[in-house]
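See below for the structure under consideration.
The values are calculated or read from the model by the stated rules, or taken from the named source; none is laboratory data. Fair warning: this is a prediction, and the values are worked out from it, not measured in the lab. With ideal geometry, Cβ positions are generated from the backbone for all residues, glycine too; neighbour counts draw on all protein chains shown.
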Amino acid sequence: MTGFDESVSPPARVAELGEGISLDELHLAARNHGMPLESLRYDTTPPGLHYLLIHYDIPALDPREWRLRIDGHIRRPRTLDLAEIQAMPQITHRVTMECAGNGRARLEPRPVSQPWLDEAVSTADWTGTPLKALLRETGINDDAVDVVFTGADHGIERGVEQDYQRGLPLAEALDEDVLLVHTMNGQPLPPQHGAPLRLLIPGWYGMAQVKWLTRISVLDRAFDGYQNVTAYRIKQEPGEAGVLVSRIHPRALLTPPGFPDFQTRTRIVERGSQELTGRAWSGWAPITRVEISIDGGIDWNDAELGAQPSRYAWCSWNWTWHASTPGHYELCARATDAAGTVQPVGQTWNLQGMANNHAQRVPVVVR
């Protein structure tokens, strides 16, 4: 299905200045949810608190009847059931996953889509079998280029009917850390997180982690499906090809201190020493520095970093704030990774609101 009518999503657009969140966006926000930021206290996010983005519907898949097909530009196509995959060598990676649109709703002007604030990020222990060994066994042809991953979720996006599919360059698919995952935090994948099997590409934004996986196809050309060539691209104008979204940019988040006002979420703390804590991560390189500001990003203070438990997981940080003067403050944090990339304080705008990692701002009243 192609084209556009009133029954499907209108073309992608940017909201007018001052335009409020629409009912369509509220529909999305009700189905999908961010991680409550107080959950930053957990090294691994409980599955029910893990952020969630579902493009279409959660498919009804019976694990006993489910099959994974591997085909395309290979010499030995094969079909596997879940028991066969679980019988293969298994690896567990602790990985921080973030939606590529995290922070989109704070952009001005606002790209109209899932209205994320700061909470579209979580960390889990993911267990599965390495994709590399499985692909090697199929006999990949020498002129193979891309690998396409197809999920069972089906719908219409901007007038295009599709199964959710993402393509990955062959070299990336053969990375030793890429897994076919069936277990989350030691338990079988929940339905909303891709049961019975999903893809895990550590360090990449969430759109690459195809859920409800049913097919893996090796191509002798670059994949030209919607989720690669139209969606998830960083561009400034509608006609641009843009740059494909890939690895997660560095970001730090504060665990909200004190207690909140119900609606504004402004934090209330008592005068005195406040231990500020949070997490920081990057898909490109380990975190080497986190800085904290209490005045909206004018002056900065170095936080103390905790250990980074694995290459692709967030690390903890802490800093003591001597909140001796009552009044209103704006707290924010920024991260720097080992590649030398510093998280920006202000927005880096793009048309789809992708890979935007501007600093979180936490209003606090000291009383």
**Study point:** Positions within the stretch 164-174 being within 20 Å of the chain's Cα centre (by Cα) and surrounded by fewer than 19 Cβ atoms within 10 Å (Cβ to Cβ), in sequence order
**Key:** GLN165, PRO169, GLU172
Review point. Would you say ILE74 is assigned by TED's automatic domain parsing to the domain that holds VAL181, among the hydrophobic types (A, V, I, L, M, F, W, C) and touching a helix residue (DSSP H, G or I) at 6+ places or on another chain (Cβ under 6 Å)?
Key: no
Practice item. For the stretch 298-308, state whether one or more residues are closer than 30 Å to VAL112 by Cα and surrounded by 13 or more Cβ atoms within 10 Å (Cβ to Cβ). Key: no
Exercise for review: Select, from LEU61, LEU53, LEU23, the only residue that is more than 20 Å from the chain's Cα centre (by Cα), surrounded by 12 or more Cβ atoms within 10 Å (Cβ to Cβ) and of a type in the set (A, V, I, L, M, F, W, C).
Suggested key: LEU61
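Just checking, does the stretch 343-351 include any residue being part of a loop (DSSP other than H, G, I, E, B), among the polar types (S, T, N, Q) and more than 21 Å from GLY101 (Cβ to Cβ)?
Looking for residues that are part of a loop (DSSP other than H, G, I, E, B), among the polar types (S, T, N, Q) and more than 21 Å from GLY101 (Cβ to Cβ), one finds none in the stretch 343-351, hence no.
Quick grid of which residues meet (1) touching a helix residue (DSSP H, G or I) at 6+ places or on another chain (Cβ under 8 Å); (2) under 15 Å from ALA231 (Cβ atoms); (3) of a type outside the set (S, T, N, Q); (4) part of a strand (DSSP E or B):
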{"residue": "HIS154", "(1), (2), (3), (4)": "no, no, yes, yes"}
{"residue": "GLU172", "(1), (2), (3), (4)": "no, no, yes, no"}
{"residue": "ASP177", "(1), (2), (3), (4)": "no, no, yes, no"}
{"residue": "THR183", "(1), (2), (3), (4)": "no, no, no, yes"}
{"residue": "PRO202", "(1), (2), (3), (4)": "no, no, yes, no"}
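Residue-wise test of (1) within 23 Å of the chain's Cα centre (by Cα); (2) exposed (fewer than 14 other Cβ atoms within 10 Å of the Cβ).
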| position | (1), (2) |
| --- | --- |
| THR264 | no, yes |
| ILE268 | no, yes |
| GLY272 | no, yes |
| SER282 | yes, no |
| GLY296 | no, no |
| ARG311 | yes, no |
| TRP321 | no, no |
| PRO326 | no, yes |
Point to revise | Residue tally, condition of a type in the set (A, V, I, L, M, F, W, C) and over 19 Å from ILE294 (Cβ atoms), over the stretch 306-341 | key: 6
Review point. Going through the stretch 343-367 one residue at a time, which ones are surrounded by 15 or more Cβ atoms within 10 Å (Cβ to Cβ) and of a type in the set (D, E, K, R)?
Key: ARG361
Check your understanding: Do you know which of the residues in the stretch 123-152 that are among the small types (Gly, Ala, Ser) and either part of a strand (DSSP E or B) or touching an Asp or Glu at 6+ places or on another chain (Cβ under 7 Å) (or both) is nearest to GLY225 (Cα to Cα)?
Key -> GLY151
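For every residue, the table says whether it meets (1) at pLDDT 95 or above; (2) closer than 20 Å to LEU213 by Cα.
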position: GLY3; (1), (2): no, no
position: ARG13; (1), (2): no, no
position: LEU17; (1), (2): no, no
position: PRO46; (1), (2): yes, no
position: PRO59; (1), (2): yes, yes
position: ARG78; (1), (2): yes, yes
position: ALA87; (1), (2): yes, yes
position: ALA105; (1), (2): no, no
Check your understanding: Restricting to strands (runs of 3 or more DSSP E) lying wholly in the stretch 232-326: which have 2 or more residues that are more than 27 Å from ASN350 (Cα to Cα)?
Key -> 267-269, 272-281, 315-323
**Study point:** Which numbered condition GLU98 misses (of (1) acidic (Asp, Glu); (2) closer than 23 Å to GLN165 by Cα; (3) surrounded by fewer than 16 Cβ atoms within 10 Å (Cβ to Cβ))
**Key:** (3)
